[in-house]
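Laboratory data are not the source of any read-out in this text; all were calculated from the coordinates shown. Source: prediction; values computed, not measured. Reconstructed Cβ throughout: ideal geometry from the backbone, glycine too, with neighbour counts over all protein chains shown.
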Amino acid sequence: MLDDIRLKLTYHVKIRYAEHINITNKSVIYHHNSMIHLFLNSLPGTFTLMNKSFTFKQFEVQDFQCGMPVSTDGVLLGAWANLNKSQSVLDIGSGTGLLSLMCAQRAQTIKINAIEIDLLAAQASQENVKNSPWFERINVHHCSIQNYIKTNNKFDTIICNPPYFNHGEQAKVHNRALARHTSTLSFSDLLISTKQLLKDQGKASFILPKFESTEFIALAVALGFQLSRLTYVKTTLKKHISRAMMEFTLQEQPIYCDETLLVINEMNGYSNEFIELTRDFYLKM
């Protein structure tokens with residue numbers, strides 16, 4: 001077998017649900033889903049392709065080669081979303097299940113439904129949920145949000161890390177394109193669906209790049225949402241704003257929007273605000 005092959009990985013990965021690739025006696029660099037680079041010694045034979053794995057304090061997320069890795073955006077949103085008094089959560093576009101798992105960890109009685117249009121990602125999400133301590137409280141559905149609306153369910157909290165690329169070449173891997181581009185779920189379709197699925201006193205939280213967030217907020221307001229929280233994110237204090245985390249409600253009376261700034265890195269490492277937000281999840285916080 002390949003026990004003697006040394007692998008240098010740019011990401012922490014595990015061997016599971018593998019596919020096989022024939023290796024010639026030349027050195028190989030295999031580029032998988034634009035994220036994992038495997039550098040192999042020169043040996044002929046069969047190589048078992050590996051999955052990326054990300055370990056948090058109370059759960060683990062594996063991508064099962066679905067092309068939707070754990071991202072800082074997802075961790076930020078999962079830690080930031082307001083779950084106060086919430087009994088039900090809808091995770092739109094669950095990917096590998098990160099947001100659902102974070103919500104389950106944060107609120108011990110909450111019931112979560114996750115929907116994912118991509119089959120491989122939905123299966124990955126189901127596996128990650130099954131391997132978590134909260135599998136009884138999370139249901140994963142392989143369907144589009146447009147089909148899920150037909151259930152007539154309503155939720156206290158909706159959470160979504162939506163696709164945001166409106167222009168440019170789509171990812172070569174189909175499932176990665178689904179996750180990143182608005183061609184399958186436009187901002188307007190997402191917001192209209194969210195409005196139908198959100199309870200009158202509910203809250204819907206999203207994260208987007210700063211540029212796209214301006215359009216998103218304008219569309220949401222035009223559809224009857226009110227912006228109740230807004231946190232801009234910078235990687236460092238001197239950098240431009242990179243992300244916006246937004247919370248919307250459907251309340252009719254005027255409300256105050258709580259606007260804040262989160263800086264991730266300071267000179268000596270992570271900022272106190274970032275550590276406080278994510279310390280329940282990241283292993284080294």
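Pairs LYS130/LYS284; LYS210/LYS238; LYS52/LYS284; LYS130/LYS195; LYS203/LYS234: which are spaced more than 27 Å apart, C-alpha to C-alpha?
LYS130/LYS195
So, R0 is 30 Å and r is the distance between the beta-carbons of GLN251 and THR72; what FRET efficiency does that work out to, to 0.05?
The calculated FRET efficiency here is 0.50.
Order of 199-212, 142-155 by packing, highest average Cβ count within 10 Å first?
199-212, 142-155
Which of VAL129, SER71, GLY224 sits farthest toward the positive end of the charge dipole of the range 66-278, with +1 on the Cβ of Lys and Arg and -1 on the Cβ of Asp and Glu?
Towards the positive end, the residue furthest out is VAL129.
Take the alpha carbon gyration tensor of the range 66-278, find the square roots of its eigenvalues, order them as a ≥ b ≥ c, and report rounded if a/c is under 1.5; if not, report prolate when a/b exceeds b/c, else oblate.
Judged from the Cα gyration tensor, the range 66-278 comes out rounded (a/c under 1.5).
What is the extension gain from ASN147 to GLU259, computed as 0.36 nm multiplied by their sequence separation minus the C-alpha to C-alpha distance, in nm to one decimal?
Gain on stretching ASN147 to GLU259: 36.9 nm.
I need the shape label for the range 176-285. Rule: rounded when a/c is under 1.5, else prolate if a/b > b/c, else oblate, with a, b, c from the alpha carbon gyration tensor.
In terms of gyration-tensor shape, prolate.
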